[in-house]
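The values are calculated or read from the model by the stated rules, or taken from the named source; none is laboratory data. Keep in mind the model is a prediction, meaning the values are calculated, not measured. Quick reminder, even Gly has a Cβ in these numbers, built from the backbone with ideal geometry, and neighbours come from all protein chains shown. The area values use the complete protein model at the heavy-atom level, side chains included, leaving out ligands, DNA and RNA. Shrake-Rupley method; radii C 1.70, N 1.55, O 1.52, S 1.80 Å.
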Amino acid sequence: MPAKAKIRQARFIMTADDTGVLYINGKLVVRKGTGWNRIETIDVARRLVPGRNVLAVSATNSTGPAGLLAWLSVRRTSGTRITVVTDASWRTSNRKHAGWAGAGFDDSAWPKAKVLGPLGMGPWGRQISRLGGVGLAVAGLRDRTGPLTAEQARELIEADWIYQAGGYPTASRALQEIAWSRELAARLAAGAKAPDLNAELAELTALEVRLKALAPDDDGETARDLYLAVRRVKRRITFRNPLVNFDKLLLLDTPAYAGVHESAHRNGYYYGSRSGSRLMVLEGLRPDGRTRVLLPPETGYIMRMDLSFDARKTVFGMKPAKERSFNLYEVSSGGSGLRQLTNSAYDDMDPIYLPDGHIMFSTSRGNTYVRCLPQSASTVLARCDADGRNIRIVSRNSEPDYTPSLLPDGRVLYTRWEYTERPLWRLQKLWTINPDGTGLSVYWGNASAHPDVIWEARAIPTTTKVMFAGVGHHNVMTGCIGILDVTRGVEYPHGIAKVTAELRWPESGDARGPNPVASPKYHVAGAFWSYRCPYPLGPEDFLVSAARKPNGPFDLFLMDIHGNRELIYAAVHNAWYPRPLRPRPKPMLRPDRVAWPKPGQKAAGGALFSSNVYEGVDGLPKGKARYLRVIQMDAKTYSSGFKSWRHSGPVISVIQEDGVKRILGTVPIAADGAVAFKVPSGKALHFQLLDEHRRCIQVMRSFTGVMPGETRGCLGCHGLRHHASPQSRPERARLVRPAVDLVPPPWGAEVSISYERFCQPVLDTYCGTCHQGSGKGRKAFDMTLRGGVPERGVTDPKLLPFKEPYLTLVGPAWGGPAPAGRGKALGLAGCLNVERRRRYGPLKPMTMLSSTSPLIARAMSGKHHKVKVTGVDLRKLIAWVDCNCVYRGDEEVRRIPDPSPGVAARFPVPVKTRTAPRIRRLQPVNDPPVAKD
């Protein structure tokens, strides 16, 4: 660089296959980890010095030779440019030497770089795309774990401001910032405890005069300095917000998850010896604030935490480096008194303090596995005493429950993944439950495909709204902030508004049609890739973790719904789960009304009622529904430890990743539509409305359940919303006739449904003469039980799934093998093919299962060669169709040998099939004492 040259702009643009680290004059500038197909632009103006400068890049490819593409572009105030590109003048080495990146290193012995070709050459081609904006040249600061100086903090803040301007802080952008600053000041002035911002507004006016003297697109040194001056004033205004009445934050600076799938990243056995989480207090809301570490990073890996109401204690889930599972721990806000609360091979995480002194958390103690990911244990809601004892599972779910938090009325808000007779992909939405497990109710979105996963939801103070992060099913690192207002609706697009409007909802994308935004005044401030962990402070202001690029760190910001944001903390790894370190009021106390069973005692049942099953069921004539059927889906405590067929392991149905089902019984529906019946507690139950022939005419595509002694009502019986009956007023249960016992099916409520036990014997009896052996109809449709589809881990041919004619009866299925049958035989059963027709909402009555099944119609009519199926045989055939044509039941699963010792040993709790446990979720559990060193 010429000795007296003044730099207007200096940018280093690079990509490497796979990763690269840039040094200038021996100092680390940035680590590029965004992948070879994304170019990164770094502002390096302050890194260059007059005279000789050394550019050095370390490029790494883990699977082959490394490649580098880079150039330096310097624009001087005189208008001249200096450009340096990667070419044969660069020197290379396949190993690092001491001091190799510094100005004093002699690289004359190194060979010249090999020029492979221009941008666009193979094998990379035109897949390389620019990453928008200018990257932060602050990697060297991020590597520090000690406190930053005020100068380093200033550099970080200013680099972020420049990034927010897209790397080009023009005069026009600075004037926009003045307008946004004035709007922010006006909003604060209109609220309670309005700050005096006259001095700041006067400064903005003076800066505005100077900026208007420049050309709008001027991005020179003067424009840059004025832009930074505006941002300094705006930052002062931002932190004068009366809601920012704290100066200490509890947060976690932690490495990324071991995996990004919504369920798998929560399994401790994926983490190995990973640690590095710093549970810490930030004193001072700025990058150079004092950091007080409560737990050193070598202690373990932490998965979320909660602060006690008096702010004196923190409870968190942690997996120590030498252990395989997450357990609950507690520590004082001063860092003393660390104690372990739970102690088992199962994972315990997501703890929150409850107003009555209990702790609610997510746990894999139900021993269930995700139906579409059998190598991932499900974590479901449980409750324990303050000391970790008397653990009881309060959820009926087999799939995971996520990230609970408290609403002001004392209910627990959480994310529930479920797919009862629906596609598995998009139903991770919000539910509420009382702290004792009663009152299960949909909060928002149980029929909505957008957003994909609603995550980390929290109540917005002084409102009835909730803020959340919408993340991806297969990548929870991707996030977009939204707000829910259930007074405006409970299904998309009603009641939802996107805050970070520049981003699409991860994975699901935006829906066709309306995509409401929280603020029409929202402005984009930099190319941010993901937002997560929102902590609302008020209706418009919140703390949030945000990442500028994939695999980049999540830094902590104070933000509002209009797009204004200010950097609070620059993370070493990822700054997640922030919350003010201050006392907070307890939500309303909801009394515990469960008849908890004593150790070894059978749990009492409960009752469900509806005053009118026709409510909300459009198109169902009154009087058409004669019975209500109760189906239980068993918890999936069995697993092969891997995907044995499609996404299942072991597989239950060719139609979907289904669960074991059993019919508990039926109950008559009164003429006025009322029904009341007793059910077992702690089970996942869903209902069907039946006609006079006990055929399904409407199905509940969701599940509910009761706690011991609970009586609760439902809105209709089509199934997507529930409301609790306040148990302090048992007279509510007398709004309908007294609850009656279910009438079990002829084969008994304890028998699960399967094809080979329920359907094939009926076909053999009534259809075999013609469609088996030497029968005339065998050529048209062979109903002989034969074949089977190979399944990993199943070696006995008798145990193989999907023998014909099952595949023909069900018809073409998502990812399934081709059926042998053709013509009218194909799909004769009339299953609900949920994965081929991905619909998430309610179905029209009398359009599914046995009510429209050609197989059932023929069996009942007697018109097909005068063959008529009657009695228990007809009931079994209808039951199989109405359980959506499952192939296996519990009896079949428990004939499959347990996984090999090598597979089972991969998991802290060995996976099993034949000897899979039957977990009594409501029984109190006390872990063994923690061994002391």
So, over other residues within a Cβ distance under 11 Å of K319, counting Lys, Arg +1 and Asp, Glu -1, the net charge is +1
Put +1 on the Cβ of every Lys and Arg and -1 on every Asp and Glu Cβ in the stretch 727-850; which of G793, I753, A829 then has its Cα farthest towards the positive end of the dipole?
A829
Go ahead and run the numbers for FRET between A206 and R906, Cβ-Cβ distance against an R0 of 56 Å, rounding to 0.05.
0.25
Rounded to whole Å, give me the distance from the Cα center of the stretch 506-545 to that of the stretch 616-670.
37
Residue span R81 to Q601: 0.36 nm per residue of separation minus Cα-Cα distance leaves a gain in nm of 179.0 nm
Could you compute the FRET efficiency for R895 and T487, with r as their C-beta to C-beta distance and R0 at 45 Å, rounded to 0.05?
0.30
Treating only the Cβ of Lys, Arg, Asp and Glu as charged (+1, +1, -1, -1), what charge dipole size does the stretch 785-841 show about its Cα centre? Round to the nearest 20 debye.
240
Please give the helix 221-238 orientation as an angle from the longest Cα principal axis of the chain, in degrees from 0 to 90, rounded to the nearest 10.
50
Within the stretch 31-71, whose backbone N sits under 17 Å from a point 7 Å along Cα→Cβ of R91?
52-59
Summing -39500 (n - 2.57) over every DSSP H run of at least 4 residues in the chain and dividing by its residue count gives a helix-only mean residue ellipticity at 222 nm, to the nearest 500 deg cm²/dmol, of -4000 deg cm²/dmol
Using a 1.4 Å probe on the protein heavy atoms only, what accessible surface does S395 show? Give it in Å² to the nearest 10.
10
Evaluate the distance, in nm, between pseudo-label points positioned 7 Å from the Cα of E151 and of A780 along their respective Cα→Cβ axes.
9.2
Accessible area of the stretch 189-315 with a 1.4 Å probe: how many percent of it is carbon plus sulfur?
52
Averaging sequence separations of C-alpha pairs under 8 Å and six or more residues apart, then dividing by the length of the chain, give the relative contact order as a whole percent.
9
With Cα coordinates, the longest principal axis of the chain makes an angle with the long axis of helix 760-771, in degrees rounded to 10, of 70
Have a look at S308, P287, Y257 and report the one farthest towards the positive end of the charge dipole of the stretch 249-352, computed about the Cα centre with Cβ charges (Lys/Arg +1, Asp/Glu -1).
P287
Nearest 10 degrees is fine. How inclined is helix 171-189 to the longest principal axis of the chain, computing both from alpha carbons?
60
What percent do you get for the relative contact order of the stretch 776-834 when only Cα pairs under 8 Å and 6+ apart count?
29
Computed over the chain, protein heavy atoms only, probe 1.4 angstrom, the accessible area per residue in square angstrom equals 39
Take the alpha-carbon positions of the stretch 245-355, form their convex hull, and give its projected area averaged over all directions (one quarter of the hull surface) in nm².
7.6
Give, rounded to the nearest 20 debye, the magnitude of the charge dipole that the chain has about its Cα centre when Lys and Arg contribute +1 at Cβ and Asp and Glu contribute -1 at Cβ.
1500
Separation between the T464 and E692 pseudo-spin-labels, each 7 Å from Cα along Cα→Cβ, expressed in nm?
4.4
Rounded if a/c is under 1.5, else prolate if a/b beats b/c, else oblate: with a ≥ b ≥ c from the C-alpha gyration tensor eigenvalues square-rooted, which is the stretch 746-840?
rounded
In debye to the nearest 20, the charge dipole size for the stretch 348-427, taken about the Cα centre with +1 at each Lys and Arg Cβ and -1 at each Asp and Glu Cβ, equals 240
Surrounding net charge for H450, when Lys and Arg each add one and Asp and Glu each subtract one, Cβ distance under 11 Å
+1
V872 paired with R839, simple spin-label distance in nm, labels 7 Å along Cα-to-beta-carbon
3.6
How much length, in nm to one decimal, is gained on full extension between A98 and R240, taken as 0.36 nm per residue of separation minus their Cα-Cα distance?
46.2 nm
Protection proxy ranking, peptides 813-821, 460-468, average beta carbon neighbours within 10 Å, highest first
460-468, 813-821
Which order do T80, T291 take by accessible area at a 1.4 Å probe, largest first?
T80, T291
Scoring the stretch 149-271 by relative contact order with C-alpha pairs under 8 Å, at least six apart, yields a percentage of 32
Rounded to a whole number, what % of the accessible area of the stretch 795-847 do carbon and sulfur atoms account for, probe 1.4 Å?
55
If you take the charge dipole of the chain about its Cα centre, with +1 on Lys and Arg Cβ and -1 on Asp and Glu Cβ, which of I157, H686, T86 is farthest toward its positive end?
H686
Using R₀ = 25 Å, calculate the FRET efficiency as 1/(1 + (r/R₀)^6) where r is the Cβ-Cβ separation of D310 and D196; round to 0.05.
0.15
